[in-house]
Every structure is written in structure tokens, then in C-alpha cells.
Amino acid sequence: MISEEIIKKIRPGAKIKVYEGKTPFEGLVISRKHGVEPGATFTVRAILAGVGVEKVYPIHSPAIVKAEIVSSPKKVHRSKLYFVRGISGSKIRRKLDVSL
């Protein structure tokens, strides 16, 4: 279960590390949906072996052991960052001012 403090910090543009069991999945949060209600989710995108991988996590999932915010941008001008699917990592870093 994720703590309330971390839930507030999960927002688009943040780099997050999500633990489901032993192995973490580290990537960029590209969307957050439905606030903090029971069906709330967030989507994390990472590049693994040259392929873009996205995972959608329910915020209140008991399968999530721990979540850590690695870095967070000062300001993001969009609530959904779906445009990062089509651009390279260096362009994402420049646009969001975040290290990937």
C-alpha cells in the first residue's frame, strides 16, 4: 500500500520507482486518473531493451509493496504526457526539465 504522502507526490512528469515484490519498475509518470477514489490509477512509462513499456497501477493496490519518487519537475504544463510516446529521451528531458 502506498502512503498518503507519496500519493500526493505522484503526478505527471515525476520519475517514480514502483516495487511489486522484489523487482522495481522505474519510469516516468505520464498520467494520473480519478484522484484518490477507489478506482484511481497512474501510468508509468519506461524504455526497456529499446522498447517503450507502460504499466498502469491502481493507487490502492495491495500488490504494490513500496513506491519512491526519484525526481519531480518544478512545473509541467499538461496533465497527461501522452506526447512522450513519440519523442526521444533527450527531447523529453529538455521539455520537462527532468532527468530520465
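The values are calculated or read from the model by the stated rules, or taken from the named source; none is laboratory data. None of these values were measured; they are calculated from a predicted model. Positions of Cβ are generated from backbone atoms using ideal geometry, with glycine treated the same way; all protein chains shown enter the neighbour counts.
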Hey, can you tell me all the residues within the range 20-41 that are within 11 Å of Y57 (Cα to Cα) and either among the basic types (K, R) or in contact with an Asp or Glu (Cβ under 8 Å, 6 or more places away or on another chain) (or both)? R32, K33
Tell me yes or no: at least one residue of the range 56-67 is farther than 17 Å from M1 by Cβ and in contact with a Pro (Cβ under 6 Å, 6 or more places away or on another chain). no
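Listed here are the residues, each with its yes/no results for (1) more than 24 Å from L96 (Cα to Cα); (2) at pLDDT below 95; (3) not aromatic (F, W, Y).
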{"position": "V36", "(1), (2), (3)": "yes, yes, yes"}
{"position": "T41", "(1), (2), (3)": "no, no, yes"}
{"position": "I47", "(1), (2), (3)": "no, yes, yes"}
{"position": "V51", "(1), (2), (3)": "no, yes, yes"}
{"position": "K66", "(1), (2), (3)": "yes, yes, yes"}
{"position": "S71", "(1), (2), (3)": "no, yes, yes"}
The residue that is surrounded by the fewest Cβ atoms within 10 Å (Cβ to Cβ), considering only those in the range 9-50 that are among the β-branched types (V, I, T) and in a loop (DSSP other than H, G, I, E, B), is V36
Checking I16 against (1) within 10 Å of the chain's Cα centre (by Cα); (2) of a type in the set (V, I, T); (3) over 12 Å from I69 (Cα atoms), the condition it does not meet: (3)
